[in-house]
Amino acid sequence: MVPRSLPELSKLGLGRDMEVELRIFQLPVDYREVKQRVTRIWEDLQPQLVVHVGVDPAAKAIFLEQCGKNWGYGDADIRGFHPEHGVCLPDGPEVIASGVSMRAVSRRAVVEGVEVAFSRDAGRYVCDYTYYLSLHHGNGCAALVHVPPLSPSLPASLLGKALQVIIQEMLEELRKFLGPQTCSVSPVWSDDLRLADHGKRRCSCYSGAPLWASKLVHPGAVGNF
């Protein structure tokens, strides 16, 4: 089933006061394909912010990820592939942090019925890998949001509203990071995946950009995010 929170966000938009262009794109749960597509997004579209959105089946809150990691990608994607030596970029830094203060966003993004939390561990799978690449190409102008699956207490309409508020706050933080200028936006998302439990945090991948968005779609895939 394709998650409906980003289509809800697409319908809601980012509010009349936000001078942004919102786009939504879909990404596969595939390291090699993600690497090509994320590179093209940044090179061809040159967004000011890319917001990646991933589903964590075990999550009870929305987690805003502060950083992406360069190593530890030993679990295979849906095609049975994982990066050589488990590394994203062989010459890259161990960690790249977003220029958006996720702690500040988590404190200000208040939506009744939704908990928003700060995180520094994105899971060392395709979501984390995608985020690291996006942070690398975008010089820190990227974000990763892990969301719980939809439920009676968290319908698509409420999650879409929460993402709207979160992205609005991210844009405010981005303006502090870049200076006052208009931001374009694109979100990226993925389908909810059924994942094997190996004692680690895992989630399916959603991704986004100026504000920009894409999604990963591979129902039935098994793996760790």
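The values are calculated or read from the model by the stated rules, or taken from the named source; none is laboratory data. Nothing here was measured: the structure is a model prediction, and the numbers come from that model. Here Cβ is always computed from backbone atoms with ideal geometry, including for glycine, and neighbour counts include all displayed protein chains.
Couple of notes before you dig in:
- Whichever residue in the stretch 136-167 is part of a strand (DSSP E or B) and among the hydrophobic types (A, V, I, L, M, F, W, C) and, among such residues, is surrounded by the fewest Cβ atoms within 10 Å (Cβ to Cβ): Leu154
- Residue in the stretch 114-121 that is modelled with pLDDT of 95 or more, outside any loop (DSSP other than H, G, I, E, B), among the aliphatic types (A, V, I, L, M) and surrounded by fewer than 16 Cβ atoms within 10 Å (Cβ to Cβ) present: yes
- Strands (runs of 3 or more DSSP E) wholly inside the stretch 17-103 containing at least 2 residues that are surrounded by 18 or more Cβ atoms within 10 Å (Cβ to Cβ) and at negative phi: 23-26, 50-55, 62-65, 67-69
- Residue list for the stretch 43-70, restricted to those being out of contact with any Asp or Glu (no Cβ under 7 Å at 6 or more places or on another chain) and over 21 Å from Leu9 (Cβ atoms): Glu43, Asp44, Gln46, Ala58, Gln66, Cys67
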